[in-house]
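The values are calculated or read from the model by the stated rules, or taken from the named source; none is laboratory data. These figures come from a predicted structure and were not determined experimentally. A quick note on method: Cβ atoms are made from the backbone with ideal geometry, for glycine too, and the neighbour counts reach across all protein chains shown.
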Amino acid sequence: MKKLRIYLETTIPNYLFADDAPEKRDITLLFWEEVKEGKYEVFVSDVVKAEIKDTTDATKREKLLDVITGIKNLGITEECRNLSKRLIDEGVIPKRYEPDALHIAIAIIYEMDVIVSWNMSHIVNLNTKMKVKEITRKYHYKEIEIATPEEVIEYEN
């Protein structure tokens, strides 16, 4: 069976160290074990790297950069920028959260199977999921799933 191609949005590496949110941290750690076991083909992007580099706590920034070292990186193409703008123009993501639109656009353009995120405000919510499906159909892109790590983890039966 083909491995899921997963785009890791910036909240995923962040929640590996989220001692203030132990439940989400623990779920993220379980998901990360599966990532390290090679169950998925995982990707980050230049947006993830830029957001991590903006982390003000130098120690945390180094931990985050270390965690994504070796993960395949997706560049931001003109097509990604155009789709990101379309996602904003068509009301999927508010303009002030442009990086979130870019995460979604990159994942769609590079034909990921899933975007994995803990961003419940602008990415992992029913409204965004439905609008993203509409956009992918309307502009003939491969459909993409949007999920939390909890929804992706392969729990034992």
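Checking the conditions here, which among Ile27, Ile106, Ile52, Ile93 is hydrophobic (A, V, I, L, M, F, W, C), surrounded by 13 or more Cβ atoms within 10 Å (Cβ to Cβ), part of a loop (DSSP other than H, G, I, E, B) and touching a residue at least 12 places away in the same chain (Cβ under 8 Å)?
Numbers: Ile27 fails: part of a loop (DSSP other than H, G, I, E, B); Ile106 fails: part of a loop (DSSP other than H, G, I, E, B); Ile52 fails: part of a loop (DSSP other than H, G, I, E, B).
It is Ile93.
For region 136-150, give me each residue that is farther than 9 Å from Val116 by Cβ and either part of a helix (DSSP H, G or I) or not charged (D, E, K, R) (or both).
Across region 136-150, the qualifying residues are Thr136, Arg137, Lys138, Tyr139, His140, Tyr141, Ile144, Glu150.
Taking region 64-80, which residues are surrounded by fewer than 16 Cβ atoms within 10 Å (Cβ to Cβ) and either assigned to a helix (DSSP H, G or I) or among the aromatic types (Phe, Trp, Tyr) (or both)?
Leu65, Asp66, Glu78, Glu79
Would it be correct to say that Val92 is on the phi < 0 side of the Ramachandran plot and in contact with a strand residue (DSSP E or B) (Cβ under 7 Å, 6 or more places away or on another chain)?
no
Tell me whether region 115-128 contains one or more residues that are surrounded by 14 or more Cβ atoms within 10 Å (Cβ to Cβ) and modelled with pLDDT under 95.
The answer is yes; a qualifying residue exists.
Looking for something loosely packed, with under 13 Cβ neighbours inside 10 Å and over 22 Å from Asp113 (Cα atoms) - is there at least one such residue anywhere in region 7-21?
Within region 7-21 (the criterion being loosely packed, with under 13 Cβ neighbours inside 10 Å and over 22 Å from Asp113 (Cα atoms)), the answer is yes, since at least one residue qualifies.
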